[in-house]
1. Tell me, how many Å apart are the Cα centres for the range B:96-116 and for the range A:201-223?
2. Output the 0 to 90 degree angle, nearest 10, between the alpha-carbon long axis of helix A:155-165 and the longest principal axis computed from the alpha carbons of chain A.
3. Using +1 at the C-beta of Lys and Arg and -1 at the C-beta of Asp and Glu, which of A:Gly28, C:Pro29, B:Ala149 has the Cα lying farthest in the positive direction of the dipole of the protein assembly as shown?
4. List, in order, the whole-Hz ³J(HN,Hα) value for each residue of the range B:196-206 obtained from phi through the Karplus relation with A = 6.51, B = -1.76, C = 1.60 and θ = phi - 60°; use x for Gly and Pro.
5. Wrap a convex hull around the Cα atoms of the range A:105-157, take a quarter of its surface area, and give that in square nanometres.
6. Sequence-distant or interchain residues sharing an amide H contact under 5 Å with B:Asp119, placed H: which?
7. Which whole-percent values make up P(r) of the range A:216-280 when all C-alpha to C-alpha distances are grouped in 5 Å steps starting at zero?
8. What distance in nm lies between label points placed 7 Å from Cα along the C-beta direction at B:Arg88 and B:Asn174?
Amino acid sequence: MYYPVNFNLIYILLEIITAFIFGGLLLGLHRKVMARIQGRPGPPIVQHLLHTFKFYIKELSIPNTSSMPLYVAIVLAMDAVWILALIVGPILGGSFLIIIMCYAVHKVAEHGIGLASGSPYTKLGSTRAVLSATAEMPLIAVPALVFFKTDTLLLDGIINYQIVNGSLFTQLPLVALAMFVLVLSKTPYSPFGIVWGKDIVSGYKTEHFGVIRGVMMMGEILAFFALLWCFITIFFGGIITAPLAYMVAMTGITVILAFICALTPMVAPYHAVMIQWIFAILAVVNVLLI
Amino acid sequence: MEERNLTIDLDLFDNIYRNLSVIWCIKMNDIVDINGLIIGHFPFVDIVPYITPFSLALVATIVTFTVFLAISNPEYRSITRFKEDVVRKETVEKKEARFRRFMTILCGVALIGVVTTGDIFNFALFVSLTGISNIGIFAGIKDTHVLDAAFQYGLVLMICSLPLFGGVALILANTGTLSLGVLGNLPSNQIINVGRTLLLIGAVGEGALAPFFATKVEMIRAKGAPFINMMHLSSLMVFTRIIELLLILG
Amino acid sequence: MGKENEIKNKILAIVTSIPLLLGIFLNLPLAVTIAILVVFVPISTYYVGLVLMARAKNKEDEEKRKKITFTGY
């Protein structure tokens, strides 16, 4: 819609690279804001990107116990699905269900990454990935509630609806809150980040370092960007249309996320599931009331 | 007794067929609104499998995952015991791995059926097949905790096949069709809503999703990364598909 | 990682980025473009990473690493 209708490979590739750099900067900003809230100077904003590049040229060692080629392939799958999401979402304005699928595959990849290395810590992380999926999947179904309002799940259609009828954020505030919780659960240091909690070393990421960690971090950056984009498009599509407005909105939401992450402790796994379910139920109540 | 005329009225058949084709070509509003453009469909009279970008993406994902999970070796687990000065590596036995690998591939095939079918009865069948193959993945493990959990999952599976097929039967009885393309154009009523709810309960139980997940977390303690990962993939793919299906029915 | 592996990685890095280059120079249909991006971007990223990793390890580093002896316990 708001993007030039020019589907050549260079254009899409540039979009993905832009998403990667901007998403990396956003995650850097996230760390910076968190540090300032906690009274630390914090790393520079480019730190997250530098971190990714640093890992990208570090030596890769694959554990003897790992399950090959799953150990490598599953990380690449994580990148692949978010590239698909970035093509379907911002460029084609396609079906939101495909992005739901990407999110589901991201959960599967988290689980697989944890299982493939054979380490007990990653195994714990992957077990928690299954546990948290039970809470996050109802949440991701919540935007399907948007369908009852707009009669379409195509992102272009949702944007059109909002241009005509005003943004969905004012009409379905609790559904927006539920989606926001979903974005929050994918933010680093989030209260719902039980999957990579430091109580289990680094959760499913424990055994992945070197090149493969760099590739994984790229996937996570793309995921963060794609989820933010979806949130803004689905709930603020009527107001925010220009790329610059998108950038400002993403920065704003990242700052809010950073405040939440800095001020809340990580909750226990069962509590995480319970709290997320409460938000999912609230969203359903919102739809039923209308 | 009077002899009954058993010849098929070919004209009528042709008419129905043509009408259905017209319905498929022109008004697939719900499916188009949810999935995007319909790239192609196979008009088998009433039961019409269709290809949309959504189902293509799902099929591509499932095929890739199935291939990679099928060729992966199971992981090793290092085990140290108190008072023993050795680290032992344990993995899945070859014979067991072979059976579980077969079940993984079967689950992948069933999943492809789940995501491509354009007919709710076939959907129910394929979903129960994924459930059965999931049980198969865990049946060969020699671990009491896992087997206990798998047994309980099996119970949920059997109980949930009733609402699953019951929902389909209700929808069929009410509308006279199982085809999603036709159902997508029919207005929803109370009975269809009950059928949808039953279908949701059934699919959630078969896929070991939200309220029924308790045994699943216990089950995935087992060894054999690629096989266990398939189970998680199957439940999430069933979940993604059931959202689409329920929205089309509505 | 041995010398053979390094050569293999280099070849794979080149092979997996060929479709991307093809996509840049030829005007391919949308479906093919998406398939190329989704499949080959992650794979080529991985192999290019392996090649870069091998280059980043300089020889001094390697010698230092060899000097470390494990005493065992």
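1. After rounding, the separation between the Cα centres reads 28 Å.
2. In chain A, helix A:155-165 runs at an angle near 40 degrees to the longest axis.
3. Working it through, the farthest residue towards the positive pole turns out to be A:Gly28.
4. Here the 3J(HN,Hα) series is 4, 4, 4, 4, 4, 4, x, 5, 5, x, 5 Hz.
5. It is 4.1 nm².
6. So B:Asp119 has HN proximity to B:Leu180.
7. 4, 14, 16, 20, 22, 15, 6, 2, 0
8. 5.7 nm
Values quoted throughout were computed directly from the atomic coordinates according to the rules given, and no laboratory measurement underlies them. Computed from a prediction, not measured in an experiment: that's the story for all the values here. As a convention, Cβ positions derive from the backbone with ideal geometry for all residues, glycine included, and neighbour counts pool all protein chains shown.
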